[in-house]
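Asker: Have a look at the structure that comes next, please.
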Amino acid sequence: MSALFLTLFALLLAPLPALSQTEPFRVLNQTEQSAHSLFAVRTGRPDWGANMLTRGPLAPGAGINIRPAENAGCRFDFRMVLSDGREIINRGMDICAEKVVAMQTPLPRPPGAAAPTPTPGAPPQARGRASTGTGFVVARDRVLTNHHVIDGCNAITVRTADGRTLPATMPARVDVQRDLALLAVPNDPGPILPFRANPVRRGESVVTYGFPLAGLLAAGPTLTTGEVSALAGLANNEQHFQISAPVQQGNSGGPLLDRQGHVMGVIVSKLNAQRIAQRTGDIPQNVNFAVKGTEALGFLRRAGVEPTLRESPPAELSAAEVGERAHQSTVFIRCEK
């Protein structure tokens, strides 16, 4: 990979009484996975700043050159997020003494071994929190997802089907009541996924496509199938469909598709089976919800986006064919808090 020189932004803390240098140093990805995010901030800074991998993932064995800002000092903290959701953090690295920072997968702690003891007087080991979800392309450089997926984020990135990591701007528009958000994602995150134009009926087959349980399940997208169980949601919510297709945390914001590959809705939630079982003594199965496509269409039009509509003929595609149609348009969303 050719050298990429980036400039660290001015840091929030006052300059430290330490040596400083402005020559670039190199960060290496010495893991077996591609990295979709890399953060480098001066030691002691309470947040991680912006993702430095603006030109796409950092492949295993590849490196990136970073040029520090003037008077940034020598001690830096580094955080790398791999494609499977794992995080690697190196703190207090002396870039004046070592011009190469190797980000390696940490060895597992031996059974019974105690956690490392913090150095007395060291700054708090604050760790950036992150959550993940799913979104899909609804117009040029525009991605639709749930509001709760991006609520409270300091930085949002999306990973496209071709492996690029793109920064998303804060929501172009949100609807808290419908739990929808429209993100601006420059640099072509994927082809537009069309919405279904004709009405939805109970019992129709549906397909979900998204990224549930990131870091636990497969790093790539997951497909599930089911049916439209009811034309209203919990407590007769007319803005939702009830569906039987299994969904998990991380599916939120992903497309609910018919068997022609057209968007019928936006995955939003699942029924809390444990809580219902405590109240009724019965465990509900396959009770999940999606915001209706008609609600999403109205939201997009109010945001100045004219969605693409398609009539869905009676003939059905296989679930695999629907997944292939959705794949290039569905993105993984990471929210840094």
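The values are calculated or read from the model by the stated rules, or taken from the named source; none is laboratory data. All of these numbers come straight from a predicted model, not from anything done at the bench. Glycine also receives a Cβ, built like all others from the backbone with ideal geometry; neighbour counts cover every protein chain displayed. All accessible areas refer to the heavy atoms of the entire protein, side chains included, with ligands and DNA or RNA removed. Shrake-Rupley method; radii C 1.70, N 1.55, O 1.52, S 1.80 Å.
Asker: Quickly run through segment 239-265 and pick out the residues that are surrounded by fewer than 22 Cβ atoms within 10 Å (Cβ to Cβ) and under 18 Å from V287 (Cβ atoms).
Answerer: Q239, Q242, S244, P246, Q248, Q249, listed by residue number.
Asker: Search segment 85-103 for residues being of a type in the set (G, A, S) and assigned to a loop (DSSP other than H, G, I, E, B), and hand back the single one that is farthest from E32 (Cα to Cα). So that I can check it myself, show each step before the final result.
Answerer: At the first step, the residues of segment 85-103 found to be of a type in the set (G, A, S) are 85, 92, 97, 102.
From what is left, the residues that are assigned to a loop (DSSP other than H, G, I, E, B) are 85, 97.
Values: G85: 13, A97: 27 Å.
The qualifying residue farthest from E32 (Cα to Cα) is A97.
Asker: If you don't mind, there's one more thing I want to ask. Kindly list the number of the only condition in (1) of a type outside the set (V, I, T); (2) more than 19 Å from the chain's Cα centre (by Cα); (3) open to solvent by 50 Å² or more (accessible area, probe 1.4 Å) that fails for P186.
Answerer: Among (1) of a type outside the set (V, I, T); (2) more than 19 Å from the chain's Cα centre (by Cα); (3) open to solvent by 50 Å² or more (accessible area, probe 1.4 Å), P186 violates only (2).
To keep it simple, each residue is scored yes or no on (1) modelled with pLDDT under 95; (2) more than 13 Å from the chain's Cα centre (by Cα); (3) in a strand (DSSP E or B).
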residue	(1), (2), (3)
H148	yes, no, no
G152	yes, yes, no
V158	yes, no, yes
L166	yes, no, yes
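Asker: Ok, one more. Filter the strands (runs of 3 or more DSSP E) completely within segment 26-84 down to those with at least 1 residues that are over 25 Å from P212 (Cβ atoms), open to solvent by less than 10 Å² (accessible area, probe 1.4 Å) and among the acidic types (D, E). Quick ask: steps written out before the conclusion?
Answerer: Numbers: elements: 35-42, 63-67, 75-82.
Here the list reads 75-82.
Every residue, every condition in (1) modelled with pLDDT of 75 or more; (2) open to solvent by 30 Å² or more (accessible area, probe 1.4 Å), yes or no:
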position: C96; (1), (2): yes, yes
position: V100; (1), (2): yes, yes
position: M103; (1), (2): yes, no
position: P118; (1), (2): no, yes
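Asker: Looking only at segment 317-337, count every residue that is touching a strand residue (DSSP E or B) at 6+ places or on another chain (Cβ under 9 Å) and assigned to a helix (DSSP H, G or I) and tell me the total.
Answerer: Total satisfying the criteria: 7.
Asker: Under 9 Å between Cβ atoms, which residue pairs at least 6 apart in sequence (or on different chains) link something in segment 21-42 that is free of Cβ contacts under 8 Å to residues at least 40 places away in the same chain with a partner that is open to solvent by 20 Å² or more (accessible area, probe 1.4 Å) and of a type in the set (K, R)?
Answerer: R42/R75
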